[in-house]
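Novice: Pasting in a structure now, in structure tokens, and then I'll have a few things to ask.
Readers should treat all values here as calculations from the given coordinates under stated rules, not as data from a laboratory. Everything numeric in this text was worked out from a predicted model, so none of it was measured. Every residue, glycine among them, receives a Cβ derived from its backbone with ideal geometry; neighbour counts consider all protein chains shown.
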């Protein structure tokens, strides 16, 4: 049997920040634990500054332990793509696992992979966060088609993405493996400790909206839900923990129009790695009021910290959060979101749903992802031999 030894993981990584970087570092650690020689090939430049909606692309958090990271890729420089592709072809890793989340990366990654695979040895598997983006731009279809032509197989982290892959690459092997837990943000903390750390009053009960604030994530719907008069009988506050990637002024105007400022805790700077667990520790319920989705790393954070969720019935979210077991799956409307929040507190569903979360998290293991990657590689190499 062909041996799989050297794996290159093409992905954002430290000092770049964000969920894709964090989860790729965790995947590299898992693959290393299973005996593979793993190198992360990261980006010197992902986006020009004028295309990046946040304040900075970089983190001040320390580098992850045990992860070899080489910063090589400039996503906007075609000469760099040629250089990196040629380098990878000469180094001949057995497998390249490439994260794909945005069509804008299609020309860069597609070119690198085409050049790398010319050595006749290296296989390429795409780990697809998205195929069709939430926020569409000109060129999306062309760029994604070019990328899909450069890989041997795909891993989709939601059935929605698997269906999209079938449109672009119907003949190529695709495995559906749910996004594993984000278990690299520390252990969960008790509510009292979390509130003390965040300097929050212990009297209210807290909901949590976590992550970058983009229009498709539906924070405006959640604000409307917070204004629902049925929730007035409960001392509920909403923590917004994440940086604005959209029109901040529009959200501020909505808050003032609804008169809900006293019901909000606004922590809208980037949340450092070591602080994440306190926000989940403070919350009773994590709310993801998305208007569109594939899968969401926020769900996997909630599972790790044993927190029930409210998610909308979009994309792959219902696959991840079984309704009535780990939380609520609701229509994409403020009234439906408010209904779920009201039911949670009125009927004291916390203990029951927390047990469901603890039971359900067992299916989201990094071991499962690592084995899925190796199985797909061996399928590709055995097929080639035949």
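Novice: Take each of the peptides 30-36, 188-194, average the number of other beta-carbon atoms within 10 Å over its residues, and list them starting from the highest.
Specialist: 30-36, 188-194
Novice: Can you sort 312, 141 by how many other beta carbons sit within 10 Å, fewest first?
Specialist: 141, 312
Novice: A follow-up question, please. Counting only C-alpha contacts under 8 Å and six or more residues apart, can you give the relative contact order of segment 191-363 as a whole percent?
Specialist: 24
Novice: If you don't mind, there's one more thing I want to ask. Per DSSP H run of n ≥ 4, the term is -39500 (n - 2.57); total these for the chain, divide by its residue number, and report the mean residue ellipticity at 222 nm rounded to 500 deg cm²/dmol.
Specialist: -11500 deg cm²/dmol
Novice: Could I ask something else about it? From the list (1) 22.6; (2) 32.8; (3) 21.7, can you say which value of Kirkwood radius over Cα pairs in Å was derived from the structure given?
Specialist: Here Kirkwood radius over Cα pairs in Å agrees with entry (3).
Novice: Taking 8 Å as the Cα distance limit and 6 or more residues as the minimum spacing, I'd like the relative contact order of the chain as a percentage. Please report the intermediate quantities before stating the final value.
Specialist: Values: 734 pairs, mean separation 55.8, N = 386.
14 percent.
Novice: Also, quick follow-up: Of 320, 271, how do they rank once you tally other Cβ atoms within 10 Å and put the fewest first?
Specialist: Details: 320 27, 271 18.
In increasing order of surrounding Cβ atoms, one gets 271, 320.
Novice: Using a 10 Å cut-off around each Cβ, can you sort 379, 226 from fewest to most neighbouring Cβ atoms?
Specialist: 379, 226
Novice: Rounded to the nearest 5, what is the percent of antiparallel bridges among the DSSP beta bridges in segment 191-363?
Specialist: That works out to approximately 0 percent antiparallel.
Novice: May I pose another question? Extending each Cα 7 Å along its Cβ direction at residue 274 and residue 171, get the distance between those two points in nm, one decimal.
Specialist: It is 5.3 nm.
Novice: At a Förster radius of 25 Å, what calculated FRET efficiency corresponds to the Cβ-Cβ distance of residue 371 and residue 190, to the nearest 0.05?
Specialist: 0.15
Novice: Working from Cα positions, state the angle (0 to 90°, nearest 10) between the long axis of helix 350-360 and the longest principal axis of the chain.
Specialist: The angle comes out near 10 degrees.
Novice: I need to check one value: relative contact order of segment 47-181, counting alpha carbon pairs closer than 8 Å and at least 6 residues apart, in percent.
Specialist: 20
Novice: Cα atoms only: what Rg and Dmax, in Å, come out for segment 191-363?
Specialist: 14.7, 43
Novice: What is segment 115-186 by shape, rounded, prolate or oblate, if you read a ≥ b ≥ c off the alpha carbon gyration tensor as root eigenvalues and call it rounded for a/c under 1.5, prolate for a/b larger than b/c, and oblate otherwise?
Specialist: Oblate.
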